[in-house]
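First up is the structure itself, then whatever we jot down about it.
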Amino acid sequence: MGDFDADGDVDASDAASFEGCYTGIGGTAPAVCGPGDFDRDGDVDCTDHDRFVAAWTGQDTPPPLPACVIPALSVNAASLSWTLVEPALAYDVVQGSVTALREADGDFAAAVDLCLADDHPLLVLEFSGRPDAGEALWLLVRAVTPTGPLTYDTLRASQVGARDAEIESSTQACP
Ligand SMILES: [Ca+2]
Ligand SMILES: [Ca+2]
Ligand SMILES: [Ca+2]
C-alpha cells in the first residue's frame with residue numbers, strides 16, 4: 001500500500017499522488033487511488049494518511065498533508081500549548097465539562113463552559129484552570145486561517161461523531 005507508482009518504495013512521488021487522491025472522510029476515491037485507501041473504506045482521508053506516513057520508505061521525512069494537520073494540545077502546570085498549523089493566523093480554545101458531556105451522551109452543545117481564547121495569535125496560553133473534585137474538564141483547540149476557523153475534530157476514524165456544529169451551537173463557544 002502507498003506505492004502509487006509501483007516502483008517498490010513509498011516516497012515523495014507517491015506523496016504527490018496521495019495528495020491528489022485525498023477525498024476526506026466519507027469521500028469516494030477513484031480506483032486509481034486504491035494504493036492510498038489503506039483501510040479500504042472507499043475514501044482517502046487522514047486516517048489513511050497516518051498509515052501512509054507509517055509506510056514511508058523515502059529518505060526524507062514525509063511531507064505533511066495540509067488537510068490533515070491539526071493542532072496537538074499539551075497541558076502543563078500553568079499553560080496550554082499546541083503545535084503549529086499553517087496557514088493559521090490564530091487559534092480558538094474552548095473548555096468544557098466532561099461530566100456534562102457524558103450526561104448529554106456526547107453532545108458538545110450542552111458541555112461547553114467557556115471560550116478560553118478567541119483568535120489567540122500564539123502557540124501558548126496561560127492556563128491555571130482546575131476541575132472541581134470528582135470532575136474533569138476537556139479542552140479543544142482549532143486553527144483560524146485567513147478564510148475562517150478550521151475544525152475541533154481530530155479528522156481521524158478513532159473519533160466518534162463530529163464536534164464543530166455542536167460546539168458552535170453553544171452560546172459559550174468561541175466566535
Ligand atoms: Ca513508489
Ligand atoms: Ca480510507
Ligand atoms: Ca475565533
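When 132, 118, 113, 107 are screened for being among the charged types (D, E, K, R), away from ligand 3 (no atom under 16 Å from the Cβ), surrounded by 13 or more Cβ atoms within 10 Å (Cβ to Cβ) and more than 26 Å from residue 46 (Cα to Cα), only 113 passes. Among the residues making up segment 150-172, those that are surrounded by fewer than 16 Cβ atoms within 10 Å (Cβ to Cβ) and not in a helix (DSSP H, G or I) are 151, 154, 156, 157, 158, 159, 160, 161, 162, 169, 171, 172. A single member of 107, 118, 132 is of a type outside the set (Gly, Ala, Ser), over 13 Å from residue 71 (Cβ atoms) and in contact with a Leu (Cβ under 8 Å, 6 or more places away or on another chain), and it is 107. Which ones in segment 1-16 are crowded, with 18+ Cβ neighbours inside 10 Å and within 15 Å of ligand 2 (Cβ to nearest atom)? Passing the criteria: 2, 4. Among the residues of this structure, residue 53 counts as one that is more than 16 Å from ligand 3 (Cβ to nearest atom), over 12 Å from the mean Cα position of the chain (by Cα), over 21 Å from residue 142 (Cα atoms) and among the aliphatic types (A, V, I, L, M). Within segment 122-140, being farther than 13 Å from residue 95 by Cβ, assigned to a loop (DSSP other than H, G, I, E, B) and under 23 Å from the mean Cα position of the chain (by Cα) holds for 122, 123. Scanning segment 36-51 for residues that are touching a helix residue (DSSP H, G or I) at 6+ places or on another chain (Cβ under 7 Å) and within 7 Å of ligand 2 (Cβ to nearest atom) turns up 37, 38, 39, 44, 48.
Computed from the coordinates by the stated procedures, all read-outs in this text should not be read as laboratory data. Not measured: the values here are computed from a predicted model. Here the Cβ is made from the backbone with ideal geometry for all residues, glycine too, and neighbour counts use every protein chain on show.
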